[in-house]
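The values are calculated or read from the model by the stated rules, or taken from the named source; none is laboratory data. The structure displayed is predicted, hence computed values, not measured ones. Cβ sites come from the backbone with ideal geometry, for glycine too, and all protein chains shown count toward neighbours. Accessible surface areas use protein heavy atoms only, side chains included; no ligands, DNA or RNA. Shrake-Rupley method; radii C 1.70, N 1.55, O 1.52, S 1.80 Å.
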Amino acid sequence: MIERIWHGAVPTAKAAEYVERMRTVALPDYKAISGNRGAFCLHRVEGDVVHIEMLTFWEDVDAIKRFAGDDYAAAKYYDFDRSFLVELEPHVRHYTMHDR
């Protein structure tokens, strides 16, 4: 299984609305992809910025490509992201998970 982590940062004043969009738009989008094994939205406050991590689990690289496209290391953004995020980070991180 592969873990994919996307990071974004939003101003505190916009955080509640952004987290709600992640819950209602991004999480269902991830979960609808064949090969997705789970999706979670994490956040933490750091001063006047809220850091968002989208933590998703995938059965293999092909499943990630169904979500993100052939350049699966590139971050995928939604139309509304530009009006919330402090910056658009170009890449995500992937980790191979081992259960033993």
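For region 1-52, the relative contact order works out to 48 percent when only alpha carbon pairs closer than 8 Å and six or more residues apart are counted.
Spin-label model, F40 to D60: label points 7 Å out along the Cα-to-beta-carbon direction sit 2.6 nm apart. Of all the accessible heavy-atom surface of region 17-61, with the other protein chains kept in place and a 1.4 Å probe, what percent is carbon and sulfur? Ligands and nucleic acids excluded, carbon and sulfur reach 53 percent. The figure for K31 is an accessible area of roughly 120 square angstrom, using a 1.4 Å probe on the protein chains alone.
Scan the chain and hand back the longest stretch that contains none of the GluC sites (Glu not before Pro) lying in DSSP loops with at most 16 other Cβ atoms within 10 Å. The longest uninterrupted stretch comes out as 1-58.
Within the straight-line cut-off of under 20 Å between alpha carbons, the aspartates and glutamates reachable from K31 are E3, E20, E53, E59, D60, D62, D70, D71, D79, D81, sequence neighbours fewer than 8 places apart in one chain being disregarded.
Applying 1/(1 + (r/R0)^6) with r as the Cβ-Cβ distance of M97 and V49 and R0 = 30 angstrom yields a FRET efficiency of 0.55. Across region 53-68, coupling constants 3J(HN,Hα) worked out from phi with the 6.51/-1.76/1.60 Karplus curve, θ = phi - 60°, read 10, 9, 9, 10, 10, 10, 6, 6, 4, 4, 5, 4, 5, 4, 8, 9 Hz, and Gly and Pro carry x.
The phi-based Karplus calculation (6.51 cos²θ - 1.76 cosθ + 1.60; θ = phi - 60°) puts the 3J(HN,Hα) values of region 8-23 at x, 10, 10, x, 3, 4, 9, 5, 4, 5, 5, 4, 4, 5, 5, 5 Hz, whole numbers, x for Gly and Pro.
Mean sequence separation of contacting Cα pairs (under 8 Å, at least six apart), scaled by the length of the chain, corresponds to a relative contact order of 41 percent.
Only the Cβ atoms of Lys and Arg (+1) and of Asp and Glu (-1) were treated as charged; on that basis the dipole of the chain about its Cα centre amounts to roughly 220 debye.
Both numbers refer to the Cα atoms of the chain; Rg and Dmax are 13.4, 42 Å.
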